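The values are calculated or read from the model by the stated rules, or taken from the named source; none is laboratory data. This is a predicted model, so every value here is computed, not measured. Cβ placement follows ideal geometry from the backbone for every residue including glycine, while neighbour counts extend to all protein chains displayed.
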Amino acid sequence: MRVFGDSGTLSIDTVDQFISYASVKTASGCLKVSVFRGVDFFTDVAADRVLKTIEEPVPGNIFLLLSQNSRRVLPTIRSRAQIMKVERGARMVDLHDVTSATGADTSLEVLLDFARANVSLSETVGRLLRMRSQNSLRDNATAGLQTLALFMNSVLRARGKVPPLAGVSLSTEPELARVNFVLDESRVGLFLDHLGERLKHVEQNVNPELVLTNALLELRRMTTHE
């Protein structure tokens with residue numbers, strides 16, 4: 001999930017980031033949610049730019065277009081959306097805070113150590129499977145696979161290939177750009193597809209440690225051309 005824009009403000013850069021993010025294919029079996037705030041402040045130019053993205057979405061993408069007043073949303077956008085009225089509650093949780101609270105940075109540091117060859121494969125698997133002690137091995141394996149997807153996208157972001165992501169601190173992302181490996185970017189899509197398949201394997205009760213180990217081995221092969 002990624003959040004774009006804010007109520008009352010809209011920049012061309014925000015529109016471009018939304019289009020870029022929504023144009024990337026998701027891993028098989030996964031969903032990607034784009035939350036766009038302040039849609040009632042779209043100009044005609046902005047609406048035209050996002051119209052094709054909304055009309056012909058890349059599979060696996062879901063859009064939540066938020067507005068203070070739906071009557072101010074341009075007809076070209078409103079006619080292509082299902083309108084849902086949501087009452088503002090007494091306690092509202094900011095989506096940025098939700099993303100920040102996931103502990104993504106800690107898991108990324110584990111994979112960063114692995115990519116730098118500071119720790120072994122077995123130790124990396126063990127650290128990821130123990131990352132959340134209150135969870136089962138299966139849940140931690142699922143979280144580990146999701147972190148692998150975040151890691152790969154973070155490397156691409158750090159190298160300027162995709163837009164920044166809310167919720168991952170800037171203290172981690174620049175480090176990913178300096179990892180000493182040659183990344184074959186043409187294989188990224190296939191790698192992410194395989195992660196989607198491995199998530200299904202975990203759900204189907206395949207040994208979670210084996211699934212996570214194989215995913216890390218693929219990452220190692222992909223980044224060392226073995």
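Can you tell me which residue is surrounded by the fewest Cβ atoms within 10 Å (Cβ to Cβ) among those in segment 6-54 that are in a loop (DSSP other than H, G, I, E, B) and modelled with pLDDT of 80 or more?
Looking at residues that are in a loop (DSSP other than H, G, I, E, B) and modelled with pLDDT of 80 or more, I get L31.
Pull up segment 144-154, narrow it to residues that are among the small types (G, A, S) and crowded, with 20+ Cβ neighbours inside 10 Å, then point me to the one that is nearest to K25 (Cα to Cα).
First pass over segment 144-154, keeping only residues among the small types (G, A, S): 144, 149, 154.
Cutting the leftovers down to crowded, with 20+ Cβ neighbours inside 10 Å gives us 144, 154.
Values: G144: 20, S154: 15 Å.
Restricting to residues being among the small types (G, A, S) and crowded, with 20+ Cβ neighbours inside 10 Å, the top hit is S154.
Go through L108, L65 for me and flag whichever is at pLDDT 75 or above, surrounded by 13 or more Cβ atoms within 10 Å (Cβ to Cβ) and assigned to a helix (DSSP H, G or I).
On the way: L65 fails: assigned to a helix (DSSP H, G or I).
Result of the check over L108, L65: L108.
Out of the residues in segment 189-226 that are within 25 Å of R130 (Cβ to Cβ) and part of a loop (DSSP other than H, G, I, E, B), state the one that is modelled with the highest pLDDT.
So, considering only residues that are within 25 Å of R130 (Cβ to Cβ) and part of a loop (DSSP other than H, G, I, E, B), the one modelled with the highest pLDDT is N207.
Please go through (1) modelled with pLDDT under 85; (2) under 18 Å from the mean Cα position of the chain (by Cα); (3) in a helix (DSSP H, G or I) for S186 and return the number of the only condition it doesn't satisfy.
Unmet condition: (2).
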